[in-house]
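Engineer: Sharing a structure below in structure tokens format, with a few things to ask.
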2 protein chains.
Amino acid sequence: MNDTALWLDDVNIGDRFRTDTYDLTADAIIDFASEWDPQPFHLGEDTAQGTFFKGLAASGWQTAAITMRLLVTTGLPLATGIIGASMDLAWPTPTLPGDQLHVELEVTDVRRSKSDSTRGFITATYDTLNQHGDIRQHAAGRLLAFAKPCSNGAPIRQL
Amino acid sequence: MNDTALWLDDVNIGDRFRTDTYDLTADAIIDFASEWDPQPFHLGEDTAQGTFFKGLAASGWQTAAITMRLLVTTGLPLATGIIGASMDLAWPTPTLPGDQLHVELEVTDVRRSKSDSTRGFITATYDTLNQHGDIRQHAAGRLLAFAKPCSNGAPIRQL
């Protein structure tokens, strides 16, 4: 845990976070798809030509994974980690080789649990965009977060 | 494309599909998390002990990726592939080492596009369960699908 780690109490509606960037290559698209989403439009430029995408496109699940990596490593320093409870995703445009992706997150709700005041949920929307501002993924998620230990007489163990 | 490939016209509300299984190991959890979700509760049994999960748990994005792999390779033989437009996800319980996962999918809606009769959307709910019936992920997704070529005078290219 570092000094900038955020507890439930530190997060407010309207707070915004922006991550660093991730450069996506054709090889990385093919590697991911080979293991998790082996379909012609994700596996090679040649096999992708005759498909809906008309060229190599990344699996939406890779866009989701990149988004998580960016949030975890550079985006949202929650003290107890980013623990998703639920998530709505949409992929308005395909993620493509050469995309330099980053994530912009905005907190839309912060709510302490009524039954357990040591925890609560942060709701946030976050878009994953490329260097041209094209939105590759839109997400709205509910994250489990914890109150600062000792702030309410019910300490929890830190990471 | 094989003989069992399904076009939009072949899919009906209430159709059910069940995938084969995927055996998840601790090493696979750590490998995935190291690249996409590097948080203590996903990176090792030791580092996970002091966290909310009280032990090693898989990234929800790995559960989503395994679900996609199972659907693509053994679950839902759509003729033009599984192309997700949007998706709602929930992870009611953590996915754990030793889980043998499979996916059960049910079609809840099939709708042809009003503006382009060669395509439409299949809506489906699908649960990812382990060998004990614990639901690790619940999903509801909207998939882009295509009408059979020549069935309406507007052929599309096959994969």
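The values are calculated or read from the model by the stated rules, or taken from the named source; none is laboratory data. All values reported here derive from a predicted model rather than from experimental measurement. Every residue, glycine among them, receives a Cβ derived from its backbone with ideal geometry; neighbour counts consider all protein chains shown.
Engineer: Would you confirm whether any residue within region A:43-61 is basic (Lys, Arg) and without any contact (Cβ under 8 Å) to a residue 12 or more places away in the chain? Break it down stepwise before answering.
Structural biologist: At the first step, the residues of region A:43-61 found to be basic (Lys, Arg) are A:54.
Right, trim to without any contact (Cβ under 8 Å) to a residue 12 or more places away in the chain and you get A:54.
Looking through region A:43-61, at least one residue is basic (Lys, Arg) and without any contact (Cβ under 8 Å) to a residue 12 or more places away in the chain.
Engineer: If we scan region A:1-13, do we find a residue that is away from chain B (no Cβ under 13 Å), more than 25 Å from B:LEU43 (Cα to Cα) and of a type in the set (A, V, I, L, M, F, W, C)?
Structural biologist: Yes, the conditions are met somewhere in region A:1-13.
Engineer: Consider B:ARG136 carefully, then state whether it is of a type in the set (Lys, Arg) and touching a Pro at 6+ places or on another chain (Cβ under 8 Å).
Structural biologist: Values: of a type in the set (Lys, Arg): yes; touching a Pro at 6+ places or on another chain (Cβ under 8 Å): yes.
In short, yes.
A quick yes/no check of all residues on (1) surrounded by 17 or more Cβ atoms within 10 Å (Cβ to Cβ); (2) at pLDDT below 95:
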residue: A:SER113; (1), (2): no, yes
residue: A:THR118; (1), (2): yes, yes
residue: A:ASN130; (1), (2): yes, no
residue: A:GLN137; (1), (2): yes, no
residue: A:LEU143; (1), (2): yes, no
residue: A:GLY153; (1), (2): no, yes
residue: A:ARG157; (1), (2): no, yes
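Engineer: In addition: Residues B:LEU101, B:LEU71, B:LEU76: which one is more than 22 Å from A:THR67 (Cα to Cα), under 12 Å from the mean Cα position of the chain (by Cα) and at pLDDT below 95? If you could, list the steps in order and put the result at the bottom.
Structural biologist: Working: B:LEU101 fails: at pLDDT below 95; B:LEU71 fails: at pLDDT below 95.
Testing whether each residue is more than 22 Å from A:THR67 (Cα to Cα), under 12 Å from the mean Cα position of the chain (by Cα) and at pLDDT below 95 leaves just B:LEU76.
Engineer: In this structure, does B:ASP23 turn out to be without any contact (Cβ under 8 Å) to a residue 40 or more places away in the chain and farther than 25 Å from A:GLY50 by Cα? Break it down stepwise before answering.
Structural biologist: Working: without any contact (Cβ under 8 Å) to a residue 40 or more places away in the chain: no; farther than 25 Å from A:GLY50 by Cα: yes.
No.
Engineer: Suppose we filter B:THR74, B:THR93, B:THR80, B:THR63 for residues that are more than 9 Å from chain A (Cβ to nearest Cβ) and within 30 Å of A:GLY50 (Cβ to Cβ); which single one remains?
Structural biologist: Working: B:THR93 fails: within 30 Å of A:GLY50 (Cβ to Cβ); B:THR80 fails: more than 9 Å from chain A (Cβ to nearest Cβ); B:THR63 fails: within 30 Å of A:GLY50 (Cβ to Cβ).
The conditions single out B:THR74.
Engineer: In addition: Whether any residue in region A:115-125 is within 20 Å of B:TRP91 (Cβ to Cβ), in contact (Cβ under 8 Å) with a residue 12 or more places away in the chain, in contact with a helix residue (DSSP H, G or I) (Cβ under 6 Å, 6 or more places away or on another chain) and of a type outside the set (Gly, Ala, Ser) is what I want to check.
Structural biologist: No.
Engineer: Mind telling me which of the residues A:ALA85, A:ALA65, A:ALA79, A:ALA124 ends up being surrounded by fewer than 17 Cβ atoms within 10 Å (Cβ to Cβ) and not β-branched (Val, Ile, Thr)? First the steps, then the outcome.
Structural biologist: On the way: A:ALA65 fails: surrounded by fewer than 17 Cβ atoms within 10 Å (Cβ to Cβ); A:ALA79 fails: surrounded by fewer than 17 Cβ atoms within 10 Å (Cβ to Cβ); A:ALA124 fails: surrounded by fewer than 17 Cβ atoms within 10 Å (Cβ to Cβ).
The conditions single out A:ALA85.
Engineer: Looking at region B:104-154 only, could you name the residues that are under 15 Å from the mean Cα position of the chain (by Cα), closer than 18 Å to B:SER86 by Cα and of a type in the set (A, V, I, L, M, F, W, C)?
Structural biologist: B:LEU105, B:VAL107, B:ILE122, B:ALA124, B:ALA139, B:ALA140, B:LEU143, B:LEU144
Engineer: Return a yes/no flag: does region A:12-29 have any residue that is surrounded by 19 or more Cβ atoms within 10 Å (Cβ to Cβ), over 19 Å from A:HIS138 (Cβ atoms), over 20 Å from the mean Cα position of the chain (by Cα) and at pLDDT 95 or above.
Structural biologist: Scanning region A:12-29 turns up no residue that is surrounded by 19 or more Cβ atoms within 10 Å (Cβ to Cβ), over 19 Å from A:HIS138 (Cβ atoms), over 20 Å from the mean Cα position of the chain (by Cα) and at pLDDT 95 or above.
Engineer: Restricting the search to region A:37-60, which residues are facing chain B (nearest Cβ under 10 Å), more than 21 Å from A:ASN130 (Cβ to Cβ) and assigned to a helix (DSSP H, G or I)?
Structural biologist: A:PRO40, A:THR47
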